[in-house]
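K.L.:
Pasting a structure here, questions to come.
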Amino acid sequence: MQLLSNYLKHHDTDLELVELIDTLMIACKEIALQLREGALAGILGTTNDTNVQGETQKKLDVISNDVLKKVLLDNPLVRGLASEEEDDPVFGNPNGRFLVTFDPLDGSSNIDINVSVGTIFSILEAPEGATDDNVDMFLQAGRKQVASGYVLYGPSAVLALTTGHGVNMFTLAHTGDFLLTRENVKIPEETKEFAINMSNHRFWEPSMRNYVDDLLKGAEGPRGKNYNMRWIASMVAEVHRVLTRGGIFTYPWDSREPAKPGKLRLMYEGNPMSLLIEQAGGISSTCYSDILDIQPDHIHQRVSVALGSREEVETLLQYHCDC
Ligand code: AHM
Ligand code: MG
């Protein structure tokens with residue numbers, strides 16, 4: 001089995017990018033170790049703080065954020081980072097080549113119940129000629145990502161990674177190395193599995209309600225087949241399932257906070273996951289356009305997300321189109 005860095009080098013990955021990904025994995029291994037200790041290390045539960053999104057921070061949100069920040073800022077390749085848990089970007093080496101955005105611990109409502117969580121990351125290049133440290137350098141469309149991925153902390157810790165040439169998965173071995181365990185992941189085009197928080201049904205747009213209602217009608221309904229449903233409340237675990245056996249995952253706009261485009265965050269969740277999904281042959285959309293084409297105007301901006309098996313997402317998009 002191949003080591004992560006050897007695999008990337010053998011596939012002509014830019015050596016500085018390999019070094020940055022290795023740095024990210026040092027932080028993720030540390031987070032995996034802390035998660036494993038759980039209550040033994042006194043790291044479960046909440047802090048007294050809220051993040052910029054107005055959400056209560058778990059102790060492990062803060063620990064994971066601090067680990068990633070420290071490890072990344074020690075690497076001179078890092079020009080700056082932006083995190084779901086930081087109000088503003090943090091800048092590193094003014095000559096650094098890369099920008100990193102991340103959700104340090106996605107699905108953190110699952111921490112205290114010992115269910116899977118994950119770290120999601122996105123890597124961009126600092127724009128040429130950007131001399132001042134400025135939040136604007138992060139505001140790049142998802143198509144400009146040079147790499148993205150997540151580490152799922154489940155029964156095993158698994159890295160799903162794309163550098164724009166397909167998706168590969170690496171499992172954390174007891175030696176502390178990430179080893180290649182799935183190469184060139186492709187999402188099945190069809191599925192009978194969907195993931196959505198059904199408790200929000202009454203808040204969705206009519207088009208989303210119509211789509212899900214038709215799924216629920218099963219073999220007797222217009223879709224002509226029986227569907228199964230999953231909701232883990234951890235996007236990393238849901239996307240991992242979609243990459244592994246297909247499916248559709250959606251967290252759409254809803255009327256609870258009508259001014260916000262959705263619950264999930266474009267720069268920390270939407271963009272990195274969308275690149276993985278597209279690179280594995282799936283589709284990732286707001287229900288109206290490709291997420292990767294959105295020009296962000298704020299680092300913490302939200303987005304509506306629908307991603308997964310090509311044929312299923314295409315069907316969902318038809319429910320949302322006027323045609
Ligand atoms: P988080 O980044 O604060 O953990 O929030 C994102 C998570 C996603 O992982 C998951 O899909 C969603 O929130 C679940 O939300 P809900 O509890 O509304 O179902
Ligand atoms: Mg998250």
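K.L.:
Would you work out which of Phe249, Asn48, Ala147 lies farthest towards the positive end of the dipole of the chain? Charges go on Cβ: Lys and Arg +1, Asp and Glu -1.
P.N.:
Of the candidates, Phe249 comes out farthest on the positive side.
K.L.:
Same structure, new question: Taking the Cα centre of each part, how many Å lie between segment 24-49 and segment 206-256?
P.N.:
Computed from Cα coordinates, the inter-centre distance equals 31 Å.
K.L.:
Excluding Ser285 itself, what net charge comes from residues whose Cβ is under 13 Å from its Cβ, given Lys and Arg +1 and Asp and Glu -1? All intermediate terms of the calculation are to be shown ahead of the outcome.
P.N.:
Values: positive: Arg310; negative: Glu278, Asp290, Asp293, Glu312, Glu314.
Value of the local net charge: -4.
K.L.:
Further question on the same structure: Pairs Lys225/Lys260; Lys70/Lys263; Lys186/Lys263; Lys69/Lys144; Lys29/Lys260; Lys29/Lys59: which are spaced more than 25 Å apart, C-alpha to C-alpha?
P.N.:
Going by Cα-Cα distance, Lys225/Lys260; Lys70/Lys263; Lys186/Lys263; Lys29/Lys260 fall outside the 25 Å limit.
K.L.:
While we're on this one: Are there GluC sites (Glu not before Pro) in segment 23-88 that DSSP puts in a loop and that have at most 14 other Cβ atoms within 10 Å, and which ones? Intermediate values should be presented prior to the final figure.
P.N.:
Numbers: sites: Glu30, Glu37, Glu55, Glu84, Glu85, Glu86; in loops: Glu55, Glu84, Glu85, Glu86.
Answer in residue order: Glu55.
K.L.:
Would you work out what percent of the accessible area of segment 64-192, with all protein chains in place, is carbon or sulfur (probe 1.4 Å)? Show your work: numbers first, answer last.
P.N.:
On the way: 2450 of 5200 Å².
C and S fraction of accessible area: 47 percent.
K.L.:
Per residue of the chain, what 222 nm ellipticity follows from adding -39500 (n - 2.57) for every DSSP H run with n ≥ 4, rounded to the nearest 500?
P.N.:
On the way: 7 runs with 86 residues, N = 323.
Taking each H run of at least 4 residues, the total per residue is -8500 deg cm²/dmol.
K.L.:
A further question follows. Please calculate how many Å² of accessible area segment 44-152 carries per residue, with a 1.4 Å probe and no DNA, RNA or ligand atoms counted. Let's see the in-between values first.
P.N.:
Working: 4350 Å² over 109 residues.
Averaged over the residues of segment 44-152, the accessible area is 40 Å².
K.L.:
Dipole size in debye (nearest 20) for the chain around its Cα centre, Lys and Arg Cβ +1, Asp and Glu Cβ -1?
P.N.:
Numbers: 28 positive and 46 negative charges, 203 e Å.
The calculated dipole for the chain is roughly 980 debye.
K.L.:
In segment 149-193, what GluC sites (Glu not before Pro) fall in a loop by DSSP, with at most 16 other Cβ atoms inside 10 Å? Intermediate results must be reported in sequence, preceding the final value.
P.N.:
On the way: sites: Glu183, Glu189, Glu190, Glu193; in loops: Glu183, Glu189, Glu190.
Listed in order of number, the matching sites are Glu183, Glu189, Glu190.
K.L.:
Next question. Can you classify segment 48-159 as rounded, prolate or oblate using the Cα gyration tensor, where a ≥ b ≥ c are the square roots of its eigenvalues, rounded means a/c under 1.5, and otherwise it's prolate if a/b beats b/c and oblate if not?
P.N.:
Numbers: a/c = 2.15, a/b = 1.66, b/c = 1.29.
Verdict is prolate for segment 48-159.
K.L.:
Could you tell me the convex hull volume per residue, in Å³, taken over the Cα atoms of segment 1-102? Don't jump to the answer; show the numbers that get you there.
P.N.:
Details: hull volume 10.6 nm³, N = 102.
Considering the Cα atoms of segment 1-102, their hull volume per residue is 104 Å³.
K.L.:
Let me ask another. Hydropathy first: keep DSSP H helices in the chain averaging at least 0.5 on Kyte-Doolittle, then drop any whose Cα extent along the axis falls short of 24 Å, and list what survives. Show your work: numbers first, answer last.
P.N.:
Working: long enough: 15-37 (34 Å, 0.80).
Helix filter hits for the chain: 15-37.
K.L.:
Here's a follow-up. If you place +1 on the Cβ of every Lys and Arg, -1 on the Cβ of every Asp and Glu, and leave all else neutral, what size is the dipole of segment 57-148 about its Cα centre, to the nearest 20 Debye?
P.N.:
Values: 8 positive and 16 negative charges, 69 e Å.
Its charge dipole is roughly 340 debye.
K.L.:
Shifting gears a bit: Would you work out which of Ile63, Val90, Ile31 lies farthest towards the positive end of the dipole of segment 29-93, given +1 charges on the beta-carbon of Lys and Arg and -1 on that of Asp and Glu, about the Cα centre?
P.N.:
After comparing all options, I get Ile31.
The values are calculated or read from the model by the stated rules, or taken from the named source; none is laboratory data. Keep in mind the model is a prediction, meaning the values are calculated, not measured. Heads up, the Cβs are rebuilt from the backbone with ideal geometry, glycines too, and the neighbour counts pull from every protein chain shown. SASA here: full protein model, heavy atoms, side chains in, ligands and nucleic acids out. Shrake-Rupley method; radii C 1.70, N 1.55, O 1.52, S 1.80 Å.
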